[in-house]
Structure formats: C-alpha cells, structure tokens
Amino acid sequence: MAQIVGRIAVSHGPQLYIPPQLWPNILRREDTIVEVPGMREQVTDERMAQRYDACQADLDEVARQVQQINPDVIVLIGDDQRENILADNTPPFLVFIGDECTASTRVSHYHLGDEFTDTITNYNVDTGLGRWIIDSLMDSGFDPAYSTQTRHEQGLGHAFGRPLFTTNADGRIPIVPIMVNTYYPPAPSPKRCVDFGVALGKAIDSYGENTRVLIMASGGLSHMVIDEQVDRDFLKAVADHDIDYMAAMDPAVLVSGTSEIRNWIIVAATAQSAGNVIDYQPCYRNLAGVGCAMAFATWER
C-alpha cells in the first residue's frame, strides 16, 4: 500500500526568486500607491533584505526536508491563474495525468528580465497514482477534471514550477500535479477544500502500489495587499489542526492571491495531526502594504 511520508506547504511568490532591491519594481504603478501608516519602516532596504534572507533559509530548510524524506512521488497542489485552466472550461479541481510535463520558476511576466526557458525542467508524472486518485475521488463524491496536456508555454503554471525548482530542480522525483481554481469565481468553498483534502488523503492511502508519497501545497499567504491578522489566524489553525476553523473561513477573504490559502487547507485536511509552522514573513514591497506574506510549514509524518 502507498504511504504518505510527509506533508509540506510553501509560498511561491516572485519575491522569493528575485533580489530584494527589485521588489518595489514588481507591478510598479506609482499612481496607485496610497501610503499606509507605519509602512515606511516595513519597506526599508534593510528590512526587505532581512526578510529575503529569512525566506531563503526557509526554502533551504524545505529542500533539506524533502531530501531527507526522499519520496517516490510528490503530489503537488497549486492554483492555476489562466495558465492551463482557461475561461473556456474552469473546473474547481484538475488532476494532470500526462506521462510528462515541464515547469519553470518564470517571473518574466513581471518585466524583470528573466525568461521561462532559463529555469525550465522536465518532470515525469506518476500516471498510475494520478489515475487512482481520480477514480477514488469519484467514489468519494467528487468529479475532478483531468488533463494529459498542458497549454501554457512553460507547461505547468508558476504555482508548480517554483516549489519544484526549490525541492526537485533536477526532476528526479516524479510528480502528480493537482490544479485548484482558487482565483476565478466560482471557486470551491473552504469547506469543499477540506472535504477534497480528506478524500485525497484516503485516495493516496488506498493506492495499492508500494509508493512513498509527499503531499505539498503551493501558494499564499495573503497578497497582493498583506493582511497579517488573516495570516496569523490561519497559521494558528494549522498549528492547532483546527480543520473546523479552516472550513468556516469566509470565502470573501480568500480572493486574489490570498485565495491560495485553499491549497494549504487541502493539505492540512489530509493530515490527522497538527502542522509545524517553520516561519512567517510578511514581505511588503511598497508603501501601500502591497507584497506577499510568505509562510512555510510541515506536518508530522
């Protein structure tokens, strides 16, 4: 039988992959900046550099843990922002079961000079596990979409390429990508994400092959405008294994980038134990409080 040997959640914001002196240039529009009181001390060169360095240490720790776990496959749960799930058909959940795919850390859409081809990697997909997950989810009352092809030039979207670059840059570990439509209403409710996570955990546990599986969530926490209260309340729920809190979260809060918290909810719901929050860094990048709150967590094996 398959064994879930680890669970990890990791942010994927572009600020993780570019030096802090370039943070203010991301989607820069001076005419839209309304200064938030107290924000000047948050966006000094020193403060941004400190947070960048802390996040790099967090990414190193996540990579170390993946190396230590040494799974046979990574089931990676991330959102898709009109990269492969397009307006012509937008399912809430999609399991990718092509034999292989590509992914990149690509941040060039922020006009910062890089190209997706600079960091593109080929990944093998565990289609056997992917197909089993689909069948099991249907037995649990879900009707997930599936795809055997990607549509975007980089392959999988950035929610997949960036954490894979951190944890699996050489493509050694096969993957099963699960795309969640968090951004574009109607998105699955937090309660539905909890139920999906429970069903996903059962699906993996019931897989007949002797496969060691790491489940990973990609995204979050609050952005584009950071809300530290939302983040800290959610991370407390992670640390307390408070699934009821997660299920009851207000969908009106989980919009824009903050919607990626849904991916964390799914992973938390596959577990029976509390999570361990490695770190939380509210990475502001301008005086309006814009930025991405980065967080990193693991669950007991």
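Name the residue that is surrounded by the fewest Cβ atoms within 10 Å (Cβ to Cβ), counting only residues in the range 210-235 that are of a type in the set (S, T, N, Q) and closer than 24 Å to GLN42 by Cβ.
Among them, the one singled out is GLN229.
Which condition does GLN229 not pass, out of (1) assigned to a loop (DSSP other than H, G, I, E, B); (2) more than 15 Å from CYS193 (Cβ to Cβ); (3) modelled with pLDDT of 95 or more, if it passes all the others?
Against the list (1) assigned to a loop (DSSP other than H, G, I, E, B); (2) more than 15 Å from CYS193 (Cβ to Cβ); (3) modelled with pLDDT of 95 or more, GLN229 comes up short only on (1).
Looking at this structure, is VAL238 in contact with a Lys or Arg (Cβ under 7 Å, 6 or more places away or on another chain), modelled with pLDDT of 95 or more and crowded, with 22+ Cβ neighbours inside 10 Å?
Against the criterion (in contact with a Lys or Arg (Cβ under 7 Å, 6 or more places away or on another chain), modelled with pLDDT of 95 or more and crowded, with 22+ Cβ neighbours inside 10 Å), VAL238 does not qualify.
Considering only residues that are over 19 Å from ALA297 (Cβ atoms), of a type in the set (A, V, I, L, M, F, W, C), modelled with pLDDT of 95 or more and more than 18 Å from the chain's Cα centre (by Cα), which ones fall in the range 45-94?
If the condition is that a residue be over 19 Å from ALA297 (Cβ atoms), of a type in the set (A, V, I, L, M, F, W, C), modelled with pLDDT of 95 or more and more than 18 Å from the chain's Cα centre (by Cα), then MET48, ALA49 are the ones that fit.
If I filter the range 132-153 down to residues being part of a loop (DSSP other than H, G, I, E, B) and in contact (Cβ under 8 Å) with a residue 60 or more places away in the chain, which single residue comes out as farthest from the chain's Cα centre (by Cα)?
Per the criteria, the residue is SER140.
So which residues in the range 55-90 are under 25 Å from SER259 (Cβ atoms) and surrounded by fewer than 16 Cβ atoms within 10 Å (Cβ to Cβ), if there are any at all?
Selection gives ARG82, LEU86, ALA87, ASP88, ASN89.
State all residues of the range 5-40 that are modelled with pLDDT of 95 or more and surrounded by fewer than 20 Cβ atoms within 10 Å (Cβ to Cβ); if no residue qualifies, say none.
Listed by number, the list holds a single entry, VAL5.
If you check every pair at least six apart or on different chains, which have Cβ atoms under 6 Å apart with a residue in the range 12-25 that is aliphatic (A, V, I, L, M) first and a residue that is modelled with pLDDT of 90 or more and assigned to a helix (DSSP H, G or I) second?
Matching pairs, first to second residue: LEU16/CYS55.
If you check GLY289, GLY275, GLY257, which single one turns out to be within 18 Å of PRO14 (Cα to Cα) and within 16 Å of the chain's Cα centre (by Cα)?
GLY257
Within the range 259-301, can you find the residues that are among the hydroxyl-bearing types (Ser, Thr, Tyr) and either closer than 24 Å to ALA57 by Cβ or not in a helix (DSSP H, G or I) (or both)?
Hits for the range 259-301 are SER273, TYR280, TYR284, THR298.
Among residues belonging to the range 253-290 that are under 23 Å from ASP80 (Cα atoms), modelled with pLDDT of 95 or more and of a type in the set (Gly, Ala, Ser), point out the one that is surrounded by the most Cβ atoms within 10 Å (Cβ to Cβ).
So the residue we want is ALA268.
Can you find a residue that is surrounded by 13 or more Cβ atoms within 10 Å (Cβ to Cβ), modelled with pLDDT under 95 and under 30 Å from GLY197 (Cα atoms) anywhere in the range 115-124?
Yes: the range 115-124 contains one or more residues that are surrounded by 13 or more Cβ atoms within 10 Å (Cβ to Cβ), modelled with pLDDT under 95 and under 30 Å from GLY197 (Cα atoms).
Could you list, in sequence order, all residues of the range 207-236 that are within 15 Å of GLY275 (Cβ to Cβ) and free of Cβ contacts under 8 Å to residues at least 24 places away in the same chain?
Result: ASP233, LYS236.
The values are calculated or read from the model by the stated rules, or taken from the named source; none is laboratory data. Nothing here was measured: the structure is a model prediction, and the numbers come from that model. Positions of Cβ are backbone-derived with ideal geometry, glycine not excepted, and every protein chain shown enters the neighbour counts.
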